[in-house]
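Please treat every number below as a calculation from the coordinates, not as lab data. Fair warning: this is a prediction, and the values are worked out from it, not measured in the lab. Please note: Cβ atoms are built from the backbone with ideal geometry, for glycine as well, and neighbour counts cover all protein chains shown.
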Amino acid sequence: MTETASLIAEATRTALDEARAAATLADLREVRVRALGRKAPMSRVRAQMGSLSEDERREIGRLLNEARGMIESALAAREGELAAREQEETLARDRIDVSAPGRRRDVGHPHPLTLMADRIVDIFIGMGFRVAEGPEVETDWYNFQALNIPPDHPARSMQDTMHVEGTDLLMRTHTSPVQVRAMQAQDPPIYVVVPGRVYRRDPFDATHSPVFQQIEGLAVDKGLSFADLKGTLAAFAREMFGPRQRVRFRPSYFQFTEPSAEVDVLCMNCEGAGCSACGRSGWIEIMGAGSVHPNVLKAVGWDPEVWSGFAFGLGVERVAMRALGVRDIRWFYENDQRFLAGFHA
């Protein structure tokens, strides 16, 4: 009995001394385990109380409870001291200067090409066109044959087209195949605008990219003429580049339109006076256009004696470069945040 009481007293003194000496909360947790854990001396005494007499159990139990209370009080007091000290150290280390300027959060925004494509599409939607889409991996018939480009036509050169190895498929070289798909999907009349990526075997330099974006337009109705095309594109140019903008049509050739034209707008830098940006001509080319070729209408079963229409196509990158003053198409794709940060919706 006396030996057990001495053991309890010694364990209590050791625990109190270690609690006072604990330098951190982690140290204090270790002290608790040594003093009150399952392997602590007083825990072993409590486990052996069954072999004692009733009077001895009563006395040893009282000593154990008193010892545990003293240790718990010491641990709680030291824990309060250490927690307060650690909080002071944290506040001193992480002090916030409420008078300092706030940190600006970088917020993402649409890519400049996305903004430009959306703007162009919105203009044509305002004229009554609807958006149509189609696959980027196409068949030869949709990409070429249905657009009046026979198998022996020079436009089908392997230097232009990316073919899917081991198949009869190819990566579309223009968005024009969607014209055919849209006409197959509904009866005339039709007014659609087609945004999307296209693929060609072009070098990646300041003015070319093997992957770029086009926006195609198609209108087929009774009585549509080249004059309707000119009026539509003139309205687009004024909405896109300003109310003083004018358009110029130059004769050209496309397989799926007849007659065909290249469409120019007044140079945005010099407004037609002539400068280095427009090669001193005062005009900048932005798209190709023309009246829908009768063979394209026949390919989808529409009678060219009843229906007529016009089509146009423009490169989003080309328009964006002209409108935004960008000299190198690669800047749009290099993901330089300093460049992209200059464009917001």
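Take the chain, mark every one of the trypsin sites (Lys or Arg not before Pro) that falls in a DSSP loop and has at most 16 other Cβ within 10 Å, then report the longest stretch left between them, sites excluded.
Details: sites that count: Arg38, Lys39, Arg95, Arg103, Arg104, Arg105, Arg201, Lys222, Arg244, Arg246, Arg280, Arg327.
Longest site-free region, per DSSP loop and neighbour criteria: 106-200.
Per-residue HN-Hα couplings for the range 88-102, Karplus 6.51 cos²θ - 1.76 cosθ + 1.60 at θ = phi - 60°, whole Hz, x for Gly and Pro?
Result, rounded to whole Hz: 4, 5, 5, 5, 5, 6, 10, 4, 9, 8, 5, 8, 6, x, x.
Between the alpha-carbon centers of the range 89-134 and the range 284-303, tell me the distance in whole angstrom.
38
At Asp106 and Leu25, where each label point lies 7 Å from the Cα along Cα→Cβ, what is the point-to-point distance in nanometres?
3.5
So what is log10(I(q)/I(0)) for the chain at q = 0.06, 0.11 1/Å, when the Debye sum runs over its Cα atoms only?
For the chain, the Cα-only Debye profile gives -0.47, -0.81.
If I model a spin label at Glu56 and Arg38 as a point 7 Å from the Cα along the Cα→Cβ vector, what separation in nanometres do I get?
2.6
Stretched out fully, how many nm does the piece from Ala9 to Asn269 gain, at 0.36 nm a residue minus the Cα gap? Kindly include the intermediate steps, with their values, before the conclusion.
Working: separation 260, 0.36 × 260 = 93.60 nm, distance 9.53 nm.
That pair, Ala9 and Asn269, stretches by 84.1 nm at full extension.
In deg cm²/dmol, rounded to 500, what helix-only [θ] at 222 nm does the chain give when every DSSP H run of at least 4 residues adds -39500 (n - 2.57) and the total is split over its residues? It would help to have the intermediate numbers written out before the result.
On the way: 11 runs with 142 residues, N = 345.
Using -39500 (n - 2.57) per qualifying helix, the result is -13000 deg cm²/dmol.
Restrict the search to the range 112-207; then list the chymotrypsin sites (Phe, Trp or Tyr not before Pro) that DSSP places in a loop and that have at most 13 other Cβ atoms within 10 Å of their Cβ.
Details: sites: Phe124, Phe129, Trp141, Tyr142, Phe144, Tyr191, Tyr199, Phe204; in loops: Phe129, Phe144, Phe204.
Passing both the DSSP loop test and the Cβ count: Phe204.
Using the Karplus curve 6.51 cos²θ - 1.76 cosθ + 1.60 with θ = phi - 60°, work out ³J(HN,Hα) for each residue of the range 44-55 in order, rounded to whole Hz, and write x for Gly and Pro.
With coefficients 6.51, -1.76 and 1.60, one gets 5, 4, 4, 5, 9, 5, x, 8, 8, 6, 5, 5 Hz.
Modelled label-to-label distance, Gln186 and Glu165, 7 Å Cα→beta-carbon offset: nm?
4.0
What's the magnitude of the charge dipole for the chain around its Cα centre, counting Lys and Arg as +1 and Asp and Glu as -1 at the beta-carbon? Answer in Debye, nearest 20.
Numbers: 42 positive and 48 negative charges, 135 e Å.
Charge dipole, the chain, about its Cα centre: 640 debye, nearest 20.
Determine which lysines satisfy two conditions relative to Lys298: a Cα distance under 21 Å, and not lying fewer than 8 residues away in the same chain.
Of all the lysines, those that pass the test against Lys298 - Cα under 21 Å, at least 8 places apart if same chain - are Lys222.
For the chain, with the dipole built from +1 on Lys and Arg beta-carbon atoms and -1 on Asp and Glu ones, taken about the Cα centre, which of Pro154, Leu25, Leu340 lies farthest toward the positive end?
Leu25
If you take the charge dipole of the chain about its Cα centre, with +1 on Lys and Arg Cβ and -1 on Asp and Glu Cβ, which of Asn65, Trp331, His208 is farthest toward its positive end?
Asn65
Considering the options Val306, Val319, Gln245, tell which one lies farthest towards the positive end of the dipole of the range 215-345, charges being +1 on Lys and Arg and -1 on Asp and Glu at the Cβ, about the Cα centre.
Toward the positive end, the furthest listed residue is Gln245.
Rounded to the nearest 0.05, what FRET efficiency do Arg238 and Thr114 have when you use their Cβ-Cβ distance and R0 = 25 Å? Please report the intermediate quantities before stating the final value.
Working: r = 23 Å, r/R0 = 0.92.
For R0 = 25 Å, the calculated efficiency reads 0.60.
Any chance you could get the radius of gyration and Dmax over the Cα atoms of the range 1-155, in Å?
39.8, 114
What is the range 14-161's relative contact order, in percent, from Cα pairs under 8 angstrom and six or more apart in sequence?
Value for the range 14-161: 18 percent.
May I ask you to list the aspartates and glutamates whose Cα is less than 13 Å away from that of Lys39, ignoring any residue fewer than eight positions away on the same chain?
Glu30
Work out which GluC sites (Glu not before Pro) in the chain are exposed loop sites (DSSP not H, G, I, E or B, at most 12 other Cβ within 10 Å) and give the longest gap free of them. Each step should come with its number before you reach the end.
Values: sites that count: Glu165, Glu305, Glu334.
Maximal segment without exposed cleavage sites: 1-164.
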